[in-house]
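A.B. asks: Below is the structure I would like to discuss, written out as structure tokens.
The values are calculated or read from the model by the stated rules, or taken from the named source; none is laboratory data. If you're wondering where the values come from, they're calculated on a predicted model, not measured in any experiment. In this analysis, Cβ positions are derived from the backbone assuming ideal geometry, glycine residues included, and neighbour counts consider all displayed protein chains. Ligands, DNA and RNA are stripped out before the accessible areas are found, and what is left, the full protein with its side chains, is counted by its heavy atoms. Shrake-Rupley method; radii C 1.70, N 1.55, O 1.52, S 1.80 Å.
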Amino acid sequence: MEAPGRSGLGCNRFLSSHLIALERSDVTLNRPSHPVPADPAVHPAWLPEAAFAPLGSRRVALVLDDASPVADTVRAEVTAALAAHGGAAVEAAEAADVVLALRPADAAPQFQSDGDLDPEAFTYARAGGVVTVTASDARGLLYGLFHLVRLGERAFTGADVVERHAPHTPLRMLDHWDNIAVHPVMGQVERGYAGGSIFYEAGVVREDLTRVAQYARLLAASGVNRVAINNVNVGPAETRLLDDLLPDVARIAAAFRPYGITTHLSVSWASPVRLGGLATSDPFDAGVQEWWAGAADRVWAAIPDFGGFVIKADSEGQPGPFAYGRTHADGANMLAAAVAPHGGLIHWRAFVYNHEQDWRDRRTDRAKAAFEHFAPYDGTFADNVIVQIKHGPLDFQVREATSPAIAAMPRTRVAPEFQVTTEYLGHQKHAVYLGRMWSQLLAFPYWGQDGDGSRSGRTMADVAAGRHPLGDGTRVGGLAAVSNVGDDVFWTGHPFAQANLYAWGRLAWDPTADPIAILDEWIALTFPGATALVRETLHAILDQSWETYEMYTAPLGVCFMVQPGSHYGPSPDGYEYSPWGTYHFADRDGVGVDRTRATGSGYTGQYPAPWSDVYESLDTCPDELLLFFHHVPYSHVLHSGKTVVQHVYDTHFEGLERVLEAARRWTEAQDAFPADVAERVTERFAEQVRSATDWRDVVNTYFLRHSGVADAHGRTIY
Ligand code: GCV
């Protein structure tokens with residue numbers, strides 16, 4: 001968002017030209033009908049009807065000479081809001097409280113700025129009591145409309161203002177790990193904690209996609225504009241989405257389209273073999289190239305605005321180009337060539353590592369894998385390839401270092417990947433708000449806070465937007481995350497996990513936004529008329545909940561102390577002797593992974609300065625990542641002044657205390673919440689308290705037995 005007034009003069013002149021245009025008026029609200037029908041059985045999340053009251057009770061003029069599906073949505077949303085809240089559609093601008101206007105294509109250049117070229121950008125202005133939202137495309141107008149909804153009454157009161165809003169990157173994506181065929185271990189939604197899939201049921205694409213349309217509406221109101229609709233682990237049933245199930249994909253795309261959301265598919269590298277009957281998937285094979293080109297032709301013929309393919313190759317058993325001695329650049333570029341004629345994208349995941357490691361092998365470090373497999377190919381990826389890299393080098397742990405691979409490819413389009421679903425963070429049974437975690441990660445200054453002026457301050461979010469300090473500014477990537485939604489009545493299992501989905505969209509739109517302010521927005525929208533008690537209770541429970549979860553689970557960046565398989569609940573040695581490469585090496589003397597150049601795996605060398613040295617040295621390594629980078633004795637003294645083992649005890653006792661305090665606050669306030677929400681949250685808190693108690697006792701006992709060091713405060717450790 002630009003500072004209010006920055007483009008003030010131009011904009012005011014533009015507005016007056018618009019008001020003249022309005023008098024000539026092509027104002028119309030007589031196109032459709034109604035937005036997605038509200039299903040009273042499904043929780044409305046952050047779009048309850050009441051959220052539209054401030055807009056819907058006013059006089060609205062719409063200047064929208066556009067026949068696109070998104071323009072129809074804008075009309076339908078405004079029409080429905082006015083009908084529900086007693087406002088009126090007006091023809092004359094001077095009679096309007098609110099003007100929503102599509103900027104005419106022939107608007108004079110002085111009324112346009114760079115951002116106007118972005119079809120998702122909009123200008124919000126309030127002058128003399130009239131609010132005007134203008135955009136150059138219906139998509140921008142839709143975002144502007146939801147901006148008004150978000151602001152509520154505040155949109156219409158206060159001093160005059162002119163603000164331009166534009167998204168940080170054009171690719172703000174959610175990946176679904178939904179299976180068509182229920183997986184015997186992973187179920188309908190892999191790592192899903194909110195019931196079944198909203199897309200698939202009992203082996204087929206759902207006939208009724210109303211729920212998908214409702215989801216599209218929620219996503220548009222938070223800022224997401226792309227969705228990949230099936231699991232990156234692509235089984236035989238899901239492979240068919242490229243083939244005989246394509247008409248179903250087209251139906252899903254049709255449900256997303258009116259809200260400006262583009263549909264993508266995860267595809268199997270082995271598709272030419274599975275579907276085409278070819279003997280190979282070798283990217284250098286002409287038959288394979290032809291097969292993919294044909295597949296792309298079919299997909300875009302069915303869905304002309306299709307987005308592209310997401311691919312997990314040579315990863316955790318998925319097939320890939322390594323089988324043919326080819327690189328990931330070879331594989332990605334072959335697919336990129338197939339989709340390029342259609343303007344399609346390839347999101348190629350960098351989650352490539354050896355998942356059949358021998359724990360006795362101390363030389364291999366899984367954390368190094370993404371960098372090693374991808375950085376050498378920087379500059380060789382096609383223009384329409386986006387390398388999608390998990391935010392940390394392991395796997396969405398509560399605390400791990402930021403992935404150095406994200407910073408290692410100035411000549412590649414990069415999309416950091418996050419996880420909204422809480423695979424390692426409590427399965428949407430624990431109240432854990434992730435906005436602050438993501439905000440911190442997105443703001444990570446890969447080249448340090450200060451430096452030579454040209455490099456300093458560039459963040460993960462900057463890299464995603466193509467502003468790598470060594471790049472030429474043209475390699476614009478995006479942001480991706482794994483969705484946390486299912487067919488649960490609350491969408492997300494824990495009603496408060498809706499806040500994570502909302503925050504993901506808002507941070508993808510503006511990574512610099514304050515995550516607590518985002519939480520405030522979510523509260524105001526989701527609980528209309530929220531009392532001080534409701535607001536204060538939610539902040540007390542959620543603001544620091546990420547740190548709280550960290551306190552009672554894996555300490556100091558040690559990672560992977562979860563139950564294998566489910567990834568829920570404590571099991572400090574669960575992965576210690578497994579093939580997954582996620583070891584912490586705790587013994588009687590100490591704990592942690594030596595990833596230094598001096599004596600360890602050398603992983604610290606994958607970071608640019610200053611972090612390569614900051615992490616290398618015990619003197620400068622931040623406490624919260626100590627065990628990610630160093631193997632230290634339990635008696636090692638942290639910067640905080642505590643020993644490692646005492647820190648573990650203290651945080652685990654305090655972590656549970658914080659959960660108990662949150663549960664107490666909840667019990668006191670629950671009657672102020674809607675009964676259905678109260679019932680579900682109460683049930684979730686009972687489980688969170690049980691599980692956090694388990695974590696505290698198992699982890700403390702583990703450290704006591706390994707170290708033999710008693711708690712300085714004599715508390716009970718088993
Ligand atoms: C979709 C982790 C998860 C897997 C997931 C994988 C991935 O390993 O446990 O369920 O697979 O990440 O991101 O591909």
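A.B. asks: Report the net charge of residues surrounding Ala540, where surrounding means a beta-carbon distance below 11 angstrom and charges are Lys +1, Arg +1, Asp -1, Glu -1. Please list the in-between numbers first.
C.D. replies: Numbers: positive: Arg535, Arg658, Arg664, Arg665; negative: Glu536, Asp543, Glu661, Glu668.
It works out to a net charge of 0.
A.B. asks: Rounded to the nearest 5, what % of the DSSP beta bridges within the chain are antiparallel ones? Please list the in-between numbers first.
C.D. replies: Numbers: 20 of 60 bridges.
Of those bridges, close to 35 percent are antiparallel.
A.B. asks: Taking only protein heavy atoms and a 1.4 Å probe, what accessible area per residue, in Å², does the chain have with all protein chains in place? Numbers along the way, then the final one.
C.D. replies: Working: 25450 Å² over 718 residues.
Accessible area per residue, the chain: 35 Å².
A.B. asks: Helix 69-85 versus the longest principal axis of the chain: what angle, 0 to 90°, nearest 10, using Cα atoms?
C.D. replies: Compared with the principal axis, the helix lies near 80 degrees.
A.B. asks: A further question follows. Quick check: the angle from helix 138-151's long axis to the longest principal axis of the chain, C-alpha only, nearest 10 degrees?
C.D. replies: So the inclination is approximately 80 degrees.
A.B. asks: Here's a follow-up. Roughly speaking, what is the centre-to-centre gap between segment 453-521 and segment 342-368 when only Cα atoms are used, to the nearest Å?
C.D. replies: So the two Cα centres are separated by 23 Å.
A.B. asks: Which of the chymotrypsin sites (Phe, Trp or Tyr not before Pro) across segment 323-383 are loop residues per DSSP, with 11 or fewer other Cβ within 10 Å?
C.D. replies: On the way: sites: Tyr324, Trp348, Phe351, Tyr353, Trp359, Phe371, Phe374, Tyr377, Phe381; in loops: Phe351, Tyr353, Trp359, Phe381.
Hits after loop and neighbour filter: nothing returned.
A.B. asks: While we're on this one: How charged is the neighbourhood of Phe629? Take every other residue with its Cβ under 10 Å from the Cβ of Phe629, and add Lys/Arg as +1 and Asp/Glu as -1.
C.D. replies: Numbers: positive: Arg595; negative: Asp594, Glu616.
So the environment of Phe629 carries a net charge of -1.
A.B. asks: Still on this structure, I have one more. Which residues does the label zone of Ser566 cover in segment 684-704, counting backbone N under 17 Å from a point 7 Å along Cα→Cβ?
C.D. replies: Of the residues in segment 684-704, 684-699 have backbone N under 17 Å from the label point off Ser566.
A.B. asks: Follow-up question, since we're still on this one. List the residues whose amide H sits under 5 Å from the amide H of Gln188, counting only those 5 or more places along or on another chain, with H placed 1.01 Å from N in the peptide plane.
C.D. replies: His183
A.B. asks: Compute the long axis of helix 498-509 from its Cα atoms, compare it with the longest principal axis of the Cα atoms of the chain, and write down the angle in degrees, 0 to 90, nearest 10.
C.D. replies: The two axes meet at around 70 degrees.
A.B. asks: Related question: Could you work out the helix-only [θ] at 222 nm for the chain, with each DSSP H run of four or more residues adding -39,500 (n - 2.57) and the total divided by the number of residues, to the nearest 500 deg cm²/dmol?
C.D. replies: Values: 21 runs with 244 residues, N = 718.
About -10500 deg cm²/dmol.
A.B. asks: Around Thr327, what is the net charge, scoring Lys/Arg as +1 and Asp/Glu as -1 over all other residues with Cβ under 13 Å from its Cβ?
C.D. replies: Numbers: positive: Arg326; negative: Asp282, Asp314, Asp330, Glu372, Asp378.
So the surrounding residues net to -4.
A.B. asks: Moving on. If we sort 552-558, 48-54 on the protection proxy, mean other Cβ atoms within 10 Å, highest first, what's the order? All intermediate terms of the calculation are to be shown ahead of the outcome.
C.D. replies: On the way: 552-558: 26.0, 48-54: 18.9.
Packing proxy ranking, top to bottom: 552-558, 48-54.
A.B. asks: In whole Å, what is the distance between the alpha-carbon centres of segment 160-180 and segment 668-718?
C.D. replies: So the separation of the two Cα centres works out to 35 Å.
A.B. asks: Still on this model: Determine the relative contact order of the chain: mean sequence separation of Cα pairs under 8 Å and six or more apart, normalised by residue count, in whole percent. Present the calculation step by step, with values, prior to reporting the outcome.
C.D. replies: Working: 1484 pairs, mean separation 79.5, N = 718.
Averaging sequence separation for qualifying contacts and normalising by length gives 11 percent for the chain.
A.B. asks: Based on the mean of other Cβ atoms within 10 Å per residue, sort peptides 564-577, 692-705 so the most packed one is first.
C.D. replies: Numbers: 564-577: 16.6, 692-705: 19.6.
Peptide ranking by packing, descending: 692-705, 564-577.
A.B. asks: Using a 1.4 angstrom probe on the protein heavy atoms only, could you order Trp291, Trp504 from most to least accessible area? Let's see the in-between values first.
C.D. replies: On the way: Trp291 35, Trp504 0 Å².
The ranking, largest first, comes out as Trp291, Trp504.
A.B. asks: Between segment 385-412 and segment 569-598, what is the C-alpha centre distance in whole Å?
C.D. replies: 21
A.B. asks: Among 250-259, 521-530, what's the highest-first ranking by average C-beta atoms within 10 angstrom per residue? Each step should come with its number before you reach the end.
C.D. replies: Values: 250-259: 21.4, 521-530: 19.1.
So the order, starting with the most tightly packed, is 250-259, 521-530.
A.B. asks: Now, a different point. Work out the length of the dipole vector of the chain about its Cα centre, built from +1 on the beta-carbon of each Lys and Arg and -1 on the beta-carbon of each Asp and Glu, and round it to the nearest 20 debye. Walk me through the numbers before you get to the answer.
C.D. replies: Numbers: 57 positive and 87 negative charges, 63 e Å.
Approximately 300 debye in magnitude.
A.B. asks: I'd like the carbon and sulfur percentage of the solvent accessible area for segment 357-484, probe radius 1.4 Å, heavy atoms only, ligands and nucleic acids excluded.
C.D. replies: 44
A.B. asks: Using the Cα centre of the chain as origin and beta-carbon charges of +1 (Lys, Arg) and -1 (Asp, Glu), tell me which of Trp177, Leu148, Phe527 is placed farthest towards the positive end of the dipole.
C.D. replies: Going by the charge dipole, the pick is Leu148.
A.B. asks: Suppose the chain between Asp676 and Arg705 were pulled fully straight at 0.36 nm per residue; how much longer would it get relative to their current alpha carbon spacing?
C.D. replies: On the way: separation 29, 0.36 × 29 = 10.44 nm, distance 4.38 nm.
Here the segment from Asp676 to Arg705 would lengthen by 6.1 nm.
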